[in-house]
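Taking it in order: structure first as structure tokens, then the write-up.
Just so it is clear, none of the values below were taken in a lab; they were calculated from the coordinates. Computed from a prediction, not measured in an experiment: that's the story for all the values here. In this analysis, Cβ positions are derived from the backbone assuming ideal geometry, glycine residues included, and neighbour counts consider all displayed protein chains.
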């Protein structure tokens, strides 16, 4: 890997449910909380609407990491949406693990009132990926 690519900041694509996680990201912005600019959010109606193909496409097109984030289990506005999400992402992580890419995918739950949690989760992922890139 070239030295320039090693020092390049990670690009992370995040799929955020519109009712909880995306609202938390907006609140973080309103509160002037900062998170890495390499994190790009895509608003989805529910985390369960994220097709595993979207995650794979993001990685293939150059994202260093992808996260899917939604309402806490039991609080989904679509009743069971995040339970479906949990199963899909677990299966996708198994596939990623086969290719030694498990660390490129994360799933977490963030409610609309948890701006700080949102910032912590995406910043932790960003820093972990950056550290891993600089090792390799």
Selection from the stretch 109-136 of residues that are surrounded by fewer than 19 Cβ atoms within 10 Å (Cβ to Cβ) and closer than 19 Å to residue 26 by Cα = 111, 113, 116, 117, 120, 123, 124
Name the residue, out of 57, 88, 93, that is surrounded by 13 or more Cβ atoms within 10 Å (Cβ to Cβ), farther than 17 Å from residue 118 by Cα, free of Cβ contacts under 8 Å to residues at least 24 places away in the same chain and out of contact with any strand residue (DSSP E or B) (no Cβ under 8 Å at 6 or more places or on another chain).
-> 57
Among (1) out of contact with any strand residue (DSSP E or B) (no Cβ under 8 Å at 6 or more places or on another chain); (2) assigned to a strand (DSSP E or B), the one test that residue 68 misses | (1)
Has the stretch 79-102 got at least one residue that is over 20 Å from residue 10 (Cα atoms) and not in a helix (DSSP H, G or I)?
-> yes
Report the residue count in the stretch 21-54 for those that are in a loop (DSSP other than H, G, I, E, B) and either surrounded by fewer than 20 Cβ atoms within 10 Å (Cβ to Cβ) or out of contact with any strand residue (DSSP E or B) (no Cβ under 8 Å at 6 or more places or on another chain) (or both).
-> 10
